[in-house]
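Enquirer: Pasting a structure here, questions to come.
Nothing in this text is a laboratory measurement; each read-out follows from the coordinates by a stated rule. Just so we're clear, the structure is a prediction, and the values are computed from it rather than from any experiment. Note that we place each Cβ from the backbone using ideal geometry, even for glycine, and neighbour counts take in every protein chain shown.
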Amino acid sequence: MGPSANARLSHDRSEADFARACELMPGGVNSPVRAMGSVGAHPVFYDHAKGSHVFDVDGNEYIDFIGSWGPMILGHGDERVLSAIRAAMDKGLSFGAPCEAEIKLAERIVEMVPHVEMVRMVSSGTEATMSAIRLARGYTGRDKLIKFEGNYHGHSDSLLVSAGSGMATFSIPGTPGVTEKTASDTLIAPYNDPEALAGIFRANAGEIACLIIEPIAGNMGVVPPEPGFLEAVRRLCTENGALLIFDEVITGFRCAAGGAQELFGIEADLVTMGKIIGGGLPVGCIAGKREAMEHFSPTGPVYQAGTLSGNPLAMTAGCAQLDAIREDNIYPVLEAKGALLRKVLQEAIDATNAPCTVNQIGSVATLFFSATPVRNWQDAKLCDTEAFARYFRCMLEEGFLIAPSQYEALFLSAAHTEQEIRDFGAAAQRALSQAFS
Ligand code: HOZ
């Protein structure tokens, strides 16, 4: 059972905080995916977190399967990361100038991620993907890009078309504020469908600057690439002179030390990463071969900038996290925990006859509320989101924090214990019974 199971949870202080927050911030949140309206609940306000545990302002304790949407791969508050940040803090919070910590983090990324020779640090995954497509356009002299339906690459204008994550949760196909002209340069392909992709390349020959992809989709729920799909993507990009961008905001340093390029043996031209390289502090980066990367200003003409880029605290936290990942050799452990998570969720489905499917790869998974296998957005959108909402509320009562949307991932960390994963499975079984009763 979760830490709060069977206790009548009081959310009085979270409720009061939410009321105050709604007066001050749209929807009471600073990022829509945190609002719990789509699952018929109000947000829990966090107080502190340690390991796999989160504590809210009412003193309730939860096992956390959100992990700040991915970066807390060691668990919350790893002492090695915290002490590195404390030491860096005494030397200054922000310089807006070069510092050695940014070199150290870039060195680690180049060492660990295949085919990467240079790095440009930014402050978020959104900045990373936005700048990567600008670089690709500047490098190729072309305007169009291809993205996949249900993939999410942050909230820059060109990429908020048929996007996953919050856009999928709230059923928003496109957003006001993105001009038609901008949206028309973004071509949408179905995930896991090489023929459809080939057709798009054919119809736009010589016009496509880049293709951006989540090599393991995580923002329509977790959808792994089918065998041969990423190979076809690579081949089509090469044949058409388009840069292949792996958006590894979720998969970077999570699915393997070298990310999806290492896991699948596919070479990307550019890689974008996010919060995981800052150990949870606001960071992102664009990384790739020297030839393309040197098109960034000041060596090249493609302008990209940021006062907080290479921030000493974030860089130091990132170095400490990557060192700890290597020191602990977390990947075999995460693989085993991921396999256990799949097993206990499948057992919960079998025991309840719930019309659900589990997708899992490594330390990420999604329990889809659809009996049909989910291999793309068209499959994912068949899910029974009302049943998911009932399941979500039961899991919260049981003391398990999961993303308040069908279209997100469950994130495991090195800090989750086997017992916690088994308890999660047992709670999921009770929650599924209730969701479908
Ligand atoms: N990509 C994350 C959700 N899938 C980002 C979290 C957010 O939008 O706040």
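Enquirer: Can you return the lysines within cross-link range of K381? Criterion is Cα-Cα under 30 Å, with same-chain partners fewer than 8 residues away left out.
Expert: K144, K147, K181, K275, K337, K343
Enquirer: Report the extension gain between L382 and L82 in nm, rounded to one decimal, defined as 0.36 nm multiplied by the number of residues separating them, less their alpha carbon distance.
Expert: Value of the extension gain: 103.7 nm.
Enquirer: Counting other Cβ atoms within 10 Å, keep those with at most 10, restrict to DSSP loop, and tell me which trypsin sites (Lys or Arg not before Pro) in the stretch 106-173 are left.
Expert: Sites meeting the loop and neighbour criteria: none at all.
Enquirer: Under a 5 Å amide H to amide H cut-off, with H placed in plane at 1.01 Å, what residues pair with L243 once short-range neighbours are removed?
Expert: Distant-sequence amide H within range of L243: C210, L211.
Enquirer: Right, next: Take A19 and I103, extend 7 Å from each Cα along the Cα→Cβ direction, and tell me the distance between the two endpoints in nm.
Expert: Output for this residue pair reads 5.6 nm.
Enquirer: I would also like to ask the following. Mind giving me the FRET efficiency for A351 and Y46? R0 is 41 Å, r the Cβ-Cβ distance, nearest 0.05 is fine.
Expert: Efficiency, from the Cβ-Cβ distance: 0.80.
Enquirer: Report the full-extension gain for the segment F55 to E294: residue separation times 0.36 nm, less the Cα-Cα distance, to one decimal in nm.
Expert: 81.5 nm
Enquirer: Determine, for W69, W377, the number of other Cβ atoms within 10 Å of each Cβ, and report the residues in order from fewest to most.
Expert: Fewest to most other Cβ atoms nearby, the residues stand as W69, W377.
Enquirer: Applying 1/(1 + (r/R0)^6) with R0 = 22 Å to the Cβ-Cβ distance of D157 and R202, what FRET efficiency is obtained, to the nearest 0.05?
Expert: In this case the efficiency is close to 0.25.
Enquirer: Of A183, A136, A351, which has the largest mean-square fluctuation in a 10 Å C-alpha GNM of the chain?
Expert: Result: A351 has the largest fluctuation of those listed.
Enquirer: Between the stretch 7-44 and the stretch 342-412, what's the alpha-carbon centroid distance in Å?
Expert: Value for the Cα centre distance between the two parts: 22 Å.
Enquirer: While we're here: Give me the number: length gained by fully extending V333 to E226, i.e. 0.36 nm times residue separation minus the C-alpha to C-alpha distance, one decimal in nm.
Expert: Between V333 and E226, full extension yields 36.1 nm more.
Enquirer: Same structure again: Ranked by Cβ crowding within 10 angstrom, fewest neighbours first, how are T182, T126, T417, T316 ordered?
Expert: Fewest-to-most ranking of T182, T126, T417, T316: T417, T182, T126, T316.
Enquirer: How much FRET efficiency would the formula 1/(1 + (r/R0)^6) give for E239 and A371, where r is the Cβ-Cβ distance and R0 is 30 Å, rounded to 0.05?
Expert: 0.20
Enquirer: Using a 10 Å cut-off around each Cβ, can you sort I325, I245, I277 from fewest to most neighbouring Cβ atoms?
Expert: Exposure proxy ranking, most exposed first: I325, I245, I277.
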